[in-house]
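S.K.: Supplied in structure tokens, the structure appears directly below.
The values are calculated or read from the model by the stated rules, or taken from the named source; none is laboratory data. In this text, all values refer to a predicted model and were calculated from it rather than measured experimentally. Positions of Cβ are generated from backbone atoms using ideal geometry, with glycine treated the same way; all protein chains shown enter the neighbour counts.
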Amino acid sequence: MGESITKLRIIFDAIQNTRAVYLFDEFDSIGTHRGFVNDVGEIKRVLNSFLMYIEQDISNSIIIAATNHPQNLDFALFRRFDELLEFELPSVDLIVEMIKSKLESFKKKKIDYIKIAEIAEGLSFADIASACEATLKEAVINNQTHLTTDDILTPIEERVKFHSRYVTKNFNNVS
């Protein structure tokens, strides 16, 4: 805070001078609706500056803004980008495919991939990948030779519980 606009100016100067792909990840942190209840004046000024800089951009660079919370973005941002892409959460089939891929190096005993995928439905690719990594770490730590359905379900269920608590908690705090 306080230096954000200056830092943003430095980034947009680089965009003008150095052709590249520039990624603003977690963009909702500066691109939030200007009328949001928890609005901080500094962030509103940063967003206004960003909008101005992107309007003035004549570079050959590519500017990408990514968020998991598009509903929180200020509507003016959507007009400033040439393309808007939305990535859906993975289907049961994609979850099965991903889990098989992530755990392919480890021996398995009668894995019920459909059951796991149905429980994992609603999680992101990143959450599922993290759950698979946790599964492998536990197996290595415990000197397991094979993975079971329960081995994979444990970290998946932990993430599902976390997300359901987090979303419910934050949803209730919005009103």
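S.K.: Have a look at P90, P70, P155 and point out the one that is more than 17 Å from the chain's Cα centre (by Cα) and surrounded by 12 or more Cβ atoms within 10 Å (Cβ to Cβ).
M.R.: Within the list P90, P70, P155, the selection yields P155.
S.K.: Can N60 be described as part of a loop (DSSP other than H, G, I, E, B), closer than 30 Å to I116 by Cβ and polar (S, T, N, Q)?
M.R.: Working: part of a loop (DSSP other than H, G, I, E, B): yes; closer than 30 Å to I116 by Cβ: no; polar (S, T, N, Q): yes.
So N60 does not fit the description; no.
S.K.: Right, something else. Take L123 and tell me if it is surrounded by fewer than 16 Cβ atoms within 10 Å (Cβ to Cβ), within 17 Å of the chain's Cα centre (by Cα) and aliphatic (A, V, I, L, M).
M.R.: No, not satisfied.
S.K.: Which number in (1) loosely packed, with under 12 Cβ neighbours inside 10 Å; (2) modelled with pLDDT of 95 or more; (3) of a type in the set (A, V, I, L, M) marks the one condition that A20 misses?
M.R.: (1)
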